[in-house]
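Novice: One structure follows; several queries about it will come next.
The values are calculated or read from the model by the stated rules, or taken from the named source; none is laboratory data. From a predicted model like this one, the values you see are computed outputs, not experimental measurements. Here the Cβ is made from the backbone with ideal geometry for all residues, glycine too, and neighbour counts use every protein chain on show. Calculation scope for accessible area: heavy atoms of the full protein, side chains included, ligands and nucleic acids excluded. Shrake-Rupley method; radii C 1.70, N 1.55, O 1.52, S 1.80 Å.
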Amino acid sequence: MGFGELLDGAFTTVQRYPKIMLGMSTAIMAVVGVASVAAFFLGFGDLMSMGDDELLDVSDSVWIQVGASMFGLMLATWIASMVLTGMITATVARGVLGRPITVGEAWTTARTHLLRLLGLTLVLGFGWTIAIGVLVGIVVAATFIHVALAVLLGIVVTLGGIFAMVVVGTRLAVAAAALVLESRPAHPGMPDGHQEKLGVFASIVRSWNLIKGRTFRTFGVLFVANLVVSVIASILQTALMFAGSGAAVGFGEESTTGIIVAGLLFGIGYLASMVLQVAFLSAVTVLVYVDARMRSEGLDIELAQAAATPTGAASPWATA
């Protein structure tokens, strides 16, 4: 697939499967968002109206509860994002074959891969944290030798770190797609035998090998995709923000109704922009994975054969 075909394919998938790409994404993110806001304001809304002096008098147990609540909300958001990743990956995979998929089928696929998707993000997040910590530690250690050396080393480490993050991040971009879609023989000597799904580390290695040799092309595709959807999302969010401001002015600055309507429009704008970004960028990432396998493994031939065979046939995503 060419550069334009990757982006067009993502938009086409969103249009072809709106119930999953937009409907389920909106539902899941809305539930998490509403639950987050409700939990915070119902449990700790009084903190918002306190002054600085009053906040100093709040007991440590209350702050511990606030921290625990925030952690729980972050955990719920993380799990929801992984569910969406699994559902969207399954949807795009069906779309490549030109086959329909129901919400139930997409959910079943996402559910079976959820623990490994969570494990994948944990491993990647832990790896990035360690890498950044090491780089910061090097610069801090240099300050004990000489300030000028620390400044010079900081510049070098920053530039080198950004380059490394681009390269490594791009090469690991399709790990989730490989984890959800691929399987390989449980016994290498029996390619037609029992298939097993990729593990967390196997999917990381798989992504690295697939993108290797096309790193900067892949980065360009992902960068432009992010840029395009960010502009569209910003326009959408800005339009609803102005509508909310107009509603607030129309009902009057002190009107409770105006404040509620404005808040709802702001929330809808934010939710719509987030859903669009999640759906589109996830679809682009899966198509990048498909394209990489087409170029390196001739997957297009297998996909064409699979599209012409009954649904129950062997998975075209399996590897030798």
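Novice: Can you work out ³J(HN,Hα) from phi for every residue in the range 140-145, in order, using Karplus 6.51 cos²θ - 1.76 cosθ + 1.60 and θ = phi - 60°, giving whole Hz and x for Gly and Pro?
Specialist: Along the range 140-145, the couplings run 4, 4, 5, 5, 6, 8 Hz.
Novice: Enter the accessible area per residue of the range 110-162 (Å², integer; probe 1.4 Å; all protein chains in place).
Specialist: 65
Novice: Tell me, what ³J(HN,Hα) does each residue in the range 4-21 have, in order and in whole Hz, if you take phi through Karplus 6.51 cos²θ - 1.76 cosθ + 1.60 with θ = phi - 60° and put x for Gly and Pro?
Specialist: Along the range 4-21, the couplings run x, 5, 5, 5, 5, x, 5, 5, 4, 5, 4, 6, 7, 10, x, 4, 8, 5 Hz.
Novice: Another question about this same structure. I'd like the carbon and sulfur percentage of the solvent accessible area for the range 91-215, probe radius 1.4 Å, heavy atoms only, ligands and nucleic acids excluded.
Specialist: Using a 1.4 Å probe with all protein chains present, the range 91-215 comes out at 74 percent carbon and sulfur.
Novice: Next question, about the same structure. First select every other residue whose beta carbon is under 14 angstrom from the beta carbon of T170; then total the charges, Lys and Arg +1, Asp and Glu -1.
Specialist: Net local charge, T170 excluded: +3.
Novice: Next question, about the same structure. So what J values fall out for the range 268-274 if you push phi through Karplus, 6.51 cos²θ - 1.76 cosθ + 1.60 with θ = phi - 60°, rounded to Hz, Gly and Pro as x?
Specialist: 5, x, 5, 4, 4, 5, 5
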